[in-house]
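Take a look at the structure set out below.
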Amino acid sequence: MRHAELGPAFVHLPDLARRDLGGAVVAANDELFAARENLVLPHPAVARTEFGHKGKEYDGWETRRRRTAGHDWAIVRLGAPGIVAGVVVDTAFFTGNYPAQASVEGAAVEGHPSVEELTRADWQPLVPLSDLAGDTANPFPVDSDRRVTHVRLSIHPDGGVARLRVHGTVVPDPRLLDAGPVDLAALENGGRVTGVSNAHYGSPLQLIGRGLARSMGEGWENARRRGPGNDWVDVALACEGVVTLAELDTSYFLGNAPGTASLTGRTADGAEVELLPRTRLQPDTRHRFVLGGTTGVSAVRLDVFPDGGMARLRLWGRPTAAGRAALGRRWFDALPDVQALEVLGTLGVDPSEAGRLVGARPLGA
């Protein structure tokens, strides 16, 4: 299996480790043949034929042949912390130099830890030591309900891995959303695409990705519609919130931007609320619309008429009191015990009471 889209259901969840989501390989014990940073590049690995001063160059991470006991490892900071549902250890184009086995662990660390601090973190198993096949996207489901900020890939004993994909559900830190208006649809804040009419040319996940699109290929684009109706995307917000500013960005879409678009919110009880009536759009333009609504919504549907591509969708606003409370409970319930105790300690909670609260989870049940 070379392509992750042919694999298990978890591969359709966002890759929390991707470089374009903010993921980074912060440390590795060895990278003599090929750089560790390749592990989290967003595009699939490609075949390379050139030879450098250290031998054949590969589009991946490759360590030297180990002549001592032990194994090699790399630590990845997730671009968006969350609950891991599955991992893909892709050994594409590594045929005689891939690791025999691999394991993956997760850790949750407050703030912005140094590499030394990460090596002392409370690492918990996500994928046990498992056999790998060469030139293959090796998928491993993960059974966990804990939020992690970092993962550690260990390869046994050495070798090359092209890409590491860490698929899961984003669980945002609600303390960061308290600072001011936030993009409630953003993937890194916990927004999720829950439905789409058509994604022939580009994934709708790119609509809610980080930063600005750099080309038409980094947005959502559907096939040309030849029948009645229109195309649409459904987005579940990070939490229930009041959306006050919408950005519909058609950058790089010149002859294939939608003619018009609308936004419809959905409340927690399923009622629909018009956020933006059907409005004319221009090609290659970052449209910004101030919304006058005051009703909290938990999901938004973008309708484009009749079809066409869009680079980004931003829905700026503030959580409602109920939305913020639900998000806080979900986040705290998902914290590993060590981090949960640390968080309560920073709030001045007595250690015995902190232990009781941690032991009483899930608070959201």
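Work out which helices of the chain, taken as complete DSSP H runs, extend at least 27 Å along their axis over the Cα atoms and score a mean Kyte-Doolittle of 0.5 or more, then list them.
Helices meeting the criterion: none.
Give a residue-ordered list of calculated ³J(HN,Hα) values for the range 159-165 (Karplus: 6.51 cos²θ - 1.76 cosθ + 1.60, θ = phi - 60°; whole Hz; x for Gly, Pro).
My calculation for the range 159-165 gives x, x, 10, 6, 9, 10, 10 Hz in order.
So how do 169-180, 257-268 stack up, highest first, on mean other-Cβ count within 10 Å?
Ranking, from highest mean packing down: 257-268, 169-180.
From the backbone phi of the range 144-158, what are the Karplus-calculated ³J(HN,Hα) couplings (6.51 cos²θ - 1.76 cosθ + 1.60, θ = phi - 60°) in whole Hz, Gly and Pro given as x?
My calculation for the range 144-158 gives 8, 10, 10, 7, 10, 9, 9, 10, 10, 8, 10, 10, 10, x, 6 Hz in order.
Only helical DSSP H runs with n ≥ 4 go in: add -39500 (n - 2.57) per run for the chain, normalise by residue count and round the 222 nm mean residue ellipticity to 500 deg cm²/dmol. Present the calculation step by step, with values, prior to reporting the outcome.
On the way: 5 runs with 42 residues, N = 365.
Result for the chain: -3000 deg cm²/dmol, rounded to the nearest 500.
Using the Cα centre of the range 10-170 as origin and beta-carbon charges of +1 (Lys, Arg) and -1 (Asp, Glu), tell me which of Ala137, Val115, Phe33 is placed farthest towards the positive end of the dipole.
Result: Phe33.
Which of the listed residues, Gly255, Asn222, Leu237, is farthest toward the dipole's positive end in the range 175-319, when Lys, Arg count +1 and Asp, Glu count -1 at the beta-carbon?
Ranked along the dipole, the leading option is Gly255.
Which translational diffusion coefficient, to the nearest whole µm²/s, is obtained for the range 10-170 from the Stokes-Einstein equation, given a Kirkwood hydrodynamic radius over C-alpha pairs, 37 °C and 0.692 mPa s?
212 µm²/s
Search the structure for amide H atoms under 5 Å from the amide H of Gly79, placed 1.01 Å from N in the peptide plane, and list their residues when 5 or more places away or on another chain.
Here Ala17, Arg18, Gly23, Ala24 satisfy the definition.
Any chance you could check the Cα centroid distance between the range 36-81 and the range 215-245 for me, in angstrom?
35 Å
Once phi is turned into ³J(HN,Hα) by the Karplus curve 6.51 cos²θ - 1.76 cosθ + 1.60 with θ = phi - 60°, what whole-Hz value does each residue of the range 200-211 show in order, with x for glycine and proline?
Working through the residues one at a time gives 4, 9, x, 5, x, 4, 5, 4, 10, x, 6, x Hz.
Over the chain, with the other protein chains present, what is the accessible area per residue in square angstrom, probe 1.4 angstrom?
46 Å²
About its Cα centre, how strong a charge dipole does the chain have in debye, to the nearest 20, once Lys and Arg get +1 and Asp and Glu get -1 at the Cβ?
Values: 39 positive and 44 negative charges, 119 e Å.
So the magnitude is around 580 debye.
Rounded to a whole number, what % of the accessible area of the chain do carbon and sulfur atoms account for, probe 1.4 Å?
Values: 8830 of 16880 Å².
Taking all protein chains in place, the chain shows 52 percent carbon and sulfur surface.
Which of the GluC sites (Glu not before Pro) found in the range 1-83 are in a DSSP loop and have at most 16 neighbouring Cβ atoms, other than their own, within 10 Å? Intermediate results must be reported in sequence, preceding the final value.
Values: sites: Glu5, Glu31, Glu37, Glu50, Glu57, Glu62; in loops: Glu31, Glu50, Glu57.
Those satisfying the criteria are Glu50, Glu57.
The values are calculated or read from the model by the stated rules, or taken from the named source; none is laboratory data. Quantities reported herein were computed from a predicted structural model and do not represent experimental measurements. Cβ: placed from backbone, ideal geometry, glycine included. Neighbour counts: every protein chain shown. Surface areas here come from the heavy atoms of the whole protein model, side chains and all, with no ligands, DNA or RNA. Shrake-Rupley method; radii C 1.70, N 1.55, O 1.52, S 1.80 Å.
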